[in-house]
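Asker: Take this structure first; my questions come after.
Only the coordinates and a few stated rules stand behind these numbers; no lab work does. Computed from a predicted structure; not experimentally measured. Neighbour counts run over all protein chains shown; Cβ positions are idealised from the backbone, glycine included.
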Amino acid sequence: MRRAHKASEAGEAFSPAEELFNRRRRTFGLLLGPVLFVGILLLPAPGLSDNAHKLSAVLAVMVVLWMTEAIPLAATALLGPTLTVLLGVADTRTAFASFAHPIIFLFIGSFMLAEAMFVHRLDRRMAYSALASPWIGTSALRLLVVYASVAAVLSAWMSNTATTAMLFPLGVAVLTELGRGRSNDPAFRRFAMTMMLVTSFAASIGGLATPVGTPPNLIGRALLLKNANIDISFSGWMALGVPVVIILMGALTLWMLYPAARSIRLSPEATAAVRSELRQLGPVSPGERNVMVAFGVTVFLWTLPGLLALVLGQAHWIAQRATALFPEAIAALIGALLLFVLPVSWRARRFTLTWEEATNIDWGIILLFGGGLAMGGLADSTGLADSFGRWVVSYVPGAGAVGLTVVFTAVAILMSEAASNTAAATVVVPTAIAVAVAAGVSPLEPALGATLGASMGFMMPISTPPNAIVYSSGFIPIGTMMRYGIVLDFVGFVVIVSSVLGLGWVVR
């Protein structure tokens, strides 16, 4: 959501060295991109058709611009199809057709639902209600577990950045109360550092649970469908994503939360701060109830086809009819449209969401997704994907599904540290599919590994907006974030590869 991104931008704080690195990275991209584009066009490309040769130059400049963020990611996504038209690779209708892909409307619908949760502060009520639970008491460990769990659950349905931006001030308020007179206490400093880190880490992990939890998930699903004809249902994704989240959150609890909280007890003032925030929200408003209704209808429709297929069998006519009537995009749009007809005040003709509020969603991500789909489709139709896949396979002969899953999961995790998660998925996932097809193995596992791996990026403030938000708290030394981040990247790599290879069959 655009509003959430504004909040995150306000919270992003980089050191002078990091600002210098970002500036130099963008300058490097602005210089390298055009040079690489012209150079590839001028160099001979034996084995490639003329259109595939031209498209390789377009993809090269897009990858450079995406990785360096020299221009906005959405602008790069529009640049690619524009260049393909100018170079004669595709006509306008073909080049821009992917911007009307059904998955685009799944994005729009789910973003509008998340915006409505933000507008009516339902997300805050959910978070504060959990954290104000009497079960927490004076236990710092239970507070951290609930806090991290709230971040994971919310980010499964809304932007990771929005979740972090919402929980961040609450976490700071708790630490302010808890830290009175304890500024020199090493145990408190470790607790504060852990609480800030898990705000970001848990939000990034929770986004893996559902297809709409984070843009890379939708990108991976759409590319598997478009480039490999593999359709992953909403419930099928959750059958894989939820266990991955549970395992990673369990590892996070044992490795970070328990050691940091075992010597801390919560003061009455710290728990009172959370309850005060909840009281300030007042009683549940009509807008909140309407959002819960719309969101409940959407989740029901998202999971209904999968549940019917599980109970009745995929061949049963009722299951097939539900699948045809309620694809994910239509379910999301039904929920979003309900927001415009469920009244907050019928007398004043005020409804749950206005169009002005709805337009606050992140249209840039939608354009980025459309551009990535467009390039993937053209790479397939021009033969570039097949040629590239065969070239890569020639350097890794005999690599099966296991080897390719390991390689592309690792590549996606590494790239997510230097580029945005969305850009990493947009670049790595279609490559994984092309290479797997050329190697004669199923592209499902390598593509899923790359998709989930693209959502890691825990090491540095520049890796993701959630990292930047929590780094601005001042509780996290950069060395500490890198140390914890690299370990979590490795744990995530092991869990993702093991889960995809062991449970990948459940998504089919």
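Asker: Taking +1 at the Cβ of each Lys and Arg and -1 at the Cβ of each Asp and Glu, which of ASN229, PHE300, ALA187 sits farthest along the dipole of region 166-314 towards its positive end, judged by Cα position relative to the Cα centre?
Answerer: After comparing all options, I get ALA187.
Asker: Whose amide H sits under 5 Å from the amide H of VAL344, counting only residues 5 or more places off or on another chain, with H placed in the peptide plane?
Answerer: ARG350, PHE351, THR352
Asker: Suppose every Lys and Arg Cβ carries +1 and every Asp and Glu Cβ carries -1, with no other charges. What dipole size does region 179-238 come out with about its Cα centre, to the nearest 20 debye? Walk me through the intermediate numbers first.
Answerer: Numbers: 6 positive and 2 negative charges, 61 e Å.
Dipole magnitude for region 179-238 comes out near 300 debye.
Asker: Using only DSSP helix segments of four residues or longer, with each worth -39500 (n - 2.57), what per-residue ellipticity at 222 nm results for the chain after dividing by its residue count and rounding to 500?
Answerer: Values: 25 runs with 372 residues, N = 508.
Taking each H run of at least 4 residues, the total per residue is -24000 deg cm²/dmol.
Asker: Calculate the dipole size of the chain relative to its Cα centre from +1 charges on Lys and Arg beta carbons and -1 charges on Asp and Glu beta carbons; express the result in debye to the nearest 20. All intermediate terms of the calculation are to be shown ahead of the outcome.
Answerer: Numbers: 31 positive and 24 negative charges, 216 e Å.
Dipole about the Cα centre, nearest 20: 1040 debye.
Asker: In the chain, if the dipole is taken from +1 on Lys/Arg beta carbons and -1 on Asp/Glu beta carbons about the Cα centre, which of ALA379, ALA447, VAL487 is farthest to the positive end?
Answerer: The residue sitting farthest along the positive end of the dipole is VAL487.
Asker: Another question about this same structure. Go through (i) 37, 28, 22; (ii) 37, 31, 21; (iii) 32, 26, 24 and flag the label whose value is the computed semi-axes √(5λ) of the Cα gyration tensor in Å for this structure.
Answerer: (i)
Asker: Check SER139: other-chain or 5+ apart residues with amide H under 5 Å from its amide H, H built from backbone geometry?
Answerer: Residues meeting the amide H criterion: LEU266.
Asker: Region 181-272: Rg/Rh from Cα coordinates, Kirkwood Rh? Please list the in-between numbers first.
Answerer: Numbers: Rg = 18.5 Å, Rh = 15.6 Å.
Rg/Rh for region 181-272 comes to 1.18.
Asker: Can you name the helices of the chain, as whole DSSP H runs, whose Cα span along the helix axis is 30 Å or more and whose Kyte-Doolittle mean is not below 0.5? Mind dumping the intermediate values first?
Answerer: Values: long enough: 16-42 (39 Å, 0.60); 286-312 (37 Å, 1.36); 478-503 (35 Å, 1.78).
Long hydrophobic helices here: 16-42, 286-312, 478-503.
Asker: What is the magnitude of the charge dipole of region 50-209 about its Cα centre, with +1 placed on the Cβ of each Lys and Arg, -1 on the Cβ of each Asp and Glu, and no other charges, expressed in debye to the nearest 20?
Answerer: On the way: 10 positive and 7 negative charges, 120 e Å.
Here the size comes out at about 580 debye.
Asker: Pairs of Cα atoms under 8 Å, at least six residues apart: use those to get the relative contact order of the chain, whole percent. Write out the running numbers ahead of the final one.
Answerer: Details: 820 pairs, mean separation 121.7, N = 508.
Taking the mean separation of contacting Cα pairs over the length of the chain, I get 24 percent.
Asker: Continuing with this model, one more query. Go through VAL507, ALA209, ALA434 and say which Cα lies farthest out towards the positive end of the charge dipole of the chain; charges sit on Cβ, +1 for Lys and Arg, -1 for Asp and Glu.
Answerer: ALA209
Asker: Using Cβ contacts closer than 10 Å as the measure, can you line up GLU19, GLU356, GLU417, GLU115 from fewest to most?
Answerer: Final ranking by Cβ density, sparse to dense: GLU356, GLU19, GLU417, GLU115.
Asker: Right, another one. What is the sum of charges around ALA132, taking Lys and Arg as +1, Asp and Glu as -1, for the other residues whose C-beta is under 12 Å from the C-beta of ALA132?
Answerer: Values: positive: ARG124, ARG125, ARG275, ARG279; negative: GLU277.
Net charge around ALA132: +3.
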